[in-house]
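So the structure is just underneath, and the comments pick up after that.
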Amino acid sequence: MKTSIRIAKKEIKIALREKLVLALSCIILVLLGISLYTGAIAYQQQQEAITKAQKEKREEWLGQGDKHPHIAAHFGTFIFKPKTVLSLFDFGLDTYTGTSVYLEAHYQHQFMFRPAQDHSSMIRFGELSAALVLQILMPLLIIFLAYASFTREKERGTLRLLSSQGITLTSIAWGKIMAYFIILLVILVPFVLGILLLSYLLKTPDTITDLGIRIVLLGAAYMAYIFMFIVLSVLVSLKSSISRNALLTLLTCWILFTIIIPKTVANLGESLYPLPSMKIYKEAILKDKKDGLDGKTPRAVRMAQLEKELLTKYKVDSVQQLPFNFDGVKMQAGEEYGDKVYDVHWGRLLDLFNKQNKLGSYASLLNPYIALRNISMGFSATDLNTSVDFQKKVENYRRVFIKKMNDDMAQNSKYGEFYEYSVGLDMWKSVEDFEYNTPSIYATLKKYTLELTSLFCWTVVLILLLNYITRKTKPTNG
Amino acid sequence: MLKTNGLTKKYGAFTALNALDLEIGEGDIFCLLGANGAGKSTTINLFLNFIEPTSGNATINNLDVNEHALETKQVLSYIPENLMLYPSLTGLENLDFFCGLGGKSYSKAELETLLQQSGLQTDFIDKRVQNYSKGMRQKVGIALARAREAKVLLLDEPTSGLDPKASNEFSELLLEMKDKGVTTLMATHDLFRAKDTGTHIGIMKEGVLVEKFESKDVSFQDLERLYLKHMHN
């Protein structure tokens, strides 16, 4: 250990004297600073806009005046997806999942105003988020820092001198790993402090649960990723005869990890589990609502059945004799059937999303970048799971809200009476404002067991491999 | 102190070292002469455990270098033909670093004294090694051997490419260390240096030690004649 510490000190001293390392570190730090700053600005602006819009829509809802509850159900309201404070670090899928949804009776509207719609096509290459810098550019810095860790010693002849001092290659390797890890930690300290400060300063009534645990877990995952890339770089350098070969091997790994494998997996997922177009998806829902899920029970038949059941149940001859407004019950029955149809189609769509995601999760076992990217989005609550959870909770809210309107119509108005009946502020107030909290961190952890296993296995396997190879390798050969 | 028993190294069909039997006593300077590829560096690499023998063994203080690699390296110091240090560190920093690896700790003043005693000019001590000549780097190597209180010196053509003055200084330092009981195995092409510095001389050819004698028993002319005879045969 003492030997490794001494080697680490020497490596740090040499790295500090090498301008290239300093320049690259500065570039990474500046990029992290810019991404954090822009992330914070975007978070603040969007959060303010969302809060303002949500307040305006709530006021609109409360101030809509007296009217029939079903008209109010079509008057509807808007729900805005709140930003989580960690989205300033990892934008995740927020750019693509839309920010608001219109809620009304009969229809499950799609999320609107995806930020990506307002960006140029360049957005396809990814926005500059701090997570992106750490996931993609940080490994590049590690590669440039460590690719020659052993090859340069071999080329200079210092490795023979080092080995002749009676120290093992294992000690040398761990000294180098320690040095690079410390250098990167030092680069990251101001960045981490910046995140913590911004999280504290910008923490509006936030929707994210377990923020502290999430930050700690994010830090641990990124540390493991950085550590893993350092071990990989040192290992490749140890096995390479010359620095150029080590650099080429590591750059190839980087391209495979960050570009080729993720794109291939995404394309494979899309080919194996193709998603229907929005047009087809909407048309299928409309058709099933119209003709019934079995294609044989159109709306008119379903309503006739309902009427028959109720007349039998209440032992009356006409809907006028029912102790409630049949129109209200019919509305709710139509609504519930629509929900069932929506659940079937949304379930199928979700199943495809999950299959595509599962493929990505399995691919993360081969690719630590995919593992970290998924974990980072998950812990930052900007992933697909959080988005789906939000959509489910919004849909539940819509159903409760519409049911309240329909139930009021059924219980308090008379059959055939529509414009004569109205409700007012008390009713609108009884519809509580929508509040969202992300799933707990424990639920998130369960979703990412494969990715967490991948990071753990990659780190452990590389450590074992490094120890094995350093014990087997002589300083005179690669 | 240094001993080999039937030490052999083969690379496929090529025999780099063939059944070398050698014994070097404490305080001796054994110079191995021979053309390139004769097996001199292979012998040194085998003592350093940089390569594994095909058969036979090499021992330092009766410890097999292959089985006790770390222990045997604790007592030796190695200076290759072109001692490479860390160019962005100063001579003093390099010395401090390598001493520390061997578990030796010296003050800055002590390190400066060691470098000065090894012949390094004072104004170069705090300069980065990238500005050093080969001779200066070899002197840092000697300072390191002194600092580590090495009992064994393994030198692989250490004076190759040095100017006569630097070579002479280097030889003087070796003799100083010999007087302190340091055992040296030096591979060299320099017949004059071998005769002048060595206590024993061996001539190697195609992996075989073809001649072995004490240097006091031959004149420089005899040594040259003997060497050329073996090289021409």
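No value in this document is a laboratory result; all are computed from the given coordinates. In this text the structure is predicted, and so the values were computed from the model without any measurement. When we count neighbours, we look across all protein chains shown, and the Cβ atoms used for this are built from the backbone with ideal geometry, even at glycine.
Tabulated data for the structure shown
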| read-out | value |
| --- | --- |
| Charge sum, other residues only, whose C-beta stays under 14 Å from residue A:422's C-beta, Lys/Arg counted +1 and Asp/Glu -1 | -3 |
| Rg(Cα)/(2.2 N^0.38 Å) for region B:131-233, N = residue count | 1.12 |
| Calculated diffusion of region B:71-181, Stokes-Einstein form, Kirkwood radius summed over Cα pairs, 4 °C and 1.567 mPa s, µm²/s | 94 |
| For residue B:153, residues with placed amide H under 5 Å, excluding near neighbours | B:77, B:183, B:184, B:185 |
| Per-bin percent of Cα-Cα distances, chain B [5 Å] | 1, 7, 15, 18, 19, 16, 12, 7, 4, 1, 0 |
| Rg to Rh, two decimals, where region B:44-92 supplies the alpha carbon set and Rh follows Kirkwood | 1.09 |
| Under Karplus coefficients 6.51, -1.76 and 1.60, residue-wise ³J(HN,Hα) of region A:447-464 in Hz, glycine/proline x | 6, 10, 5, 5, 5, 5, 4, 4, 4, 5, 5, 4, 5, 5, 4, 5, 5, 4 |
| Between region A:333-357 and region B:167-200, the alpha-carbon center distance in angstrom | 88 |
| Around residue A:175: net Lys/Arg minus Asp/Glu count, Cβ-Cβ under 11 Å | +4 |
| Proximal charge balance of residue B:218 [Cβ under 13 Å; K/R count +1, D/E count -1] | -1 |
| Simple label model, 7 Å out from Cα along Cβ direction - residue A:426 to residue A:468, nm | 7.6 |
| Rounded FRET efficiency, nearest 0.05, which uses the C-beta distance separating residue A:41 from residue A:418 and R0 of 35 Å | 0.10 |
| HN-Hα J in Hz across region A:222-231 - Karplus 6.51, -1.76, 1.60, θ = phi - 60°, x for Gly and Pro | 5, 4, 4, 5, 5, 4, 4, 5, 5, 4 |
| Contour minus Cα-Cα distance for residue B:176 and residue B:133 (0.36 nm per residue) | 13.2 nm |
| Amide H within-cut-off set for residue B:54, under 5 Å, with H built and near neighbours excluded | B:8, B:9, B:10 |
| Among beta bridges that DSSP assigns inside the protein assembly as shown, antiparallel share in %, nearest 5 | 60 |
| Helix A:243-255 axis, angle to chain A major axis (alpha carbon atoms, nearest 10°) | 10 |
| Kirkwood hydrodynamic radius over Cα pairs of region A:319-478, then Stokes diffusion coefficient at 25 °C and 0.890 mPa s, in µm²/s | 120 |
| Average Cα contact separation per residue, chain A, under 8 Å, 6 or more apart, as relative contact order % | 26 |
| Rg/Rh ratio calculated on Cα atoms of region A:1-69 (Kirkwood radius) | 1.55 |
| Region A:142-297: Cα Rg divided by the 2.2 N^0.38 Å rule of thumb | 1.70 |
| Between region A:49-101 and region A:438-455, the alpha-carbon center distance in angstrom | 29 |
| Per-residue HN-Hα couplings for region A:235-241 [Karplus 6.51, -1.76, 1.60; θ = phi - 60°; Hz; x = Gly/Pro] | 4, 4, 5, 5, 8, 8, 7 |
| Cα-based helix-to-principal-axis angle, A:368-379 vs chain A, degrees rounded to 10 | 40 |
| Per-selection Rg to Rh, region A:2-472 - Cα, Kirkwood hydrodynamic radius | 1.13 |
| Computed helical MRE - 222 nm, chain A, DSSP H runs ≥ 4 contributing -39500 (n - 2.57), nearest 500 | -23000 deg cm²/dmol |
| For region B:86-150: Kirkwood Rh in Å [reciprocal of mean 1/r, alpha carbons] | 11.2 |
| Residue B:229 paired with residue A:300, simple spin-label distance in nm, labels 7 Å along Cα-to-beta-carbon | 12.5 |
| Cut-off under 5 Å, modelled amide H: who pairs with residue B:210 long-range | B:203, B:204, B:205 |
